[in-house]
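Right, one structure below, let's go through it.
Since every read-out is calculated from the coordinates, none of them should be taken as a lab result. Predicted model only: the values in this text are computed from it and were never measured. Every residue, glycine among them, receives a Cβ derived from its backbone with ideal geometry; neighbour counts consider all protein chains shown.
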Amino acid sequence: MPPRSSMSLRERQLRSALAQLLHTQPLLCGSLVRMARSCGKPRCKCSRGQKHLCLCVSVRMGGRQRLLYVPRPLEEFVSAAVGNYRTSRRLMQSLSDMCLQDFLQRKQGGAR
């Protein structure tokens with residue numbers, strides 16, 4: 001890897017933002033799903049059509065897709081962790097695009 005001084009300002013900023021995110025924030029690879037469910041109690045409002053709203057997170061566990069219920073006290077944490085993961089993916093994609101452009105320029109120039 002080249003020294004930081006030879007990197008563009010944009011590349012240094014992307015790498016710095018990615019490192020900060022990876023080292024300080026929780027990451028969760030998954031998708032948030034809002035669900036409307038019935039509890040099954042005959043006198044509950046959900047039996048008349050007003051279903052209970054809940055948040056679930058869809059994740060891969062053991063090679064299979066799982067839908068996990070997120071308790072209300074953890075909704076903010078899980079939502080932030082999923083958002084952080086998506087942000088990290090965008091940052092890595094931007095870095096990859098920059099490296100690809102660098103590779104293509106070197107290839108055109110005949111550098112080995």
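Approximating the spin labels as points 7 Å out from Cα along Cα→Cβ, the Cys46-to-Arg86 distance works out to 2.6 nm.
Taking every C-alpha pair closer than 8 Å and separated by at least 6 residues, the mean separation divided by the residue count of region 29-106 gives a relative contact order of 25 percent. Along region 17-34 the Karplus relation, 6.51 cos²θ - 1.76 cosθ + 1.60 evaluated at θ = phi - 60°, assigns HN-Hα couplings of 4, 5, 4, 4, 4, 5, 8, 10, 10, x, 10, 9, 7, x, 10, 7, 9, 8 Hz to successive residues, with x for each Gly and Pro. Charge tally around Cys56: other residues with Cβ under 10 Å, Lys/Arg +1 each, Asp/Glu -1 each, net +3.
For region 30-103, the Cβ-based charge dipole about the Cα centre amounts to some 820 debye (Lys, Arg positive; Asp, Glu negative; other atoms uncharged). Seen against the Cα atoms of the chain and their longest principal axis, helix 75-109 is set at about 20 degrees. Compactness ratio for region 29-106: Cα radius of gyration over 2.2 N^0.38 Å (N = residue count) comes to 1.70.
Taking the Cα of Asp97, stepping 7 Å toward and past its beta carbon, and measuring to each backbone N in region 1-21: which are under 17 Å? Counting only backbone N, you get 8-18.
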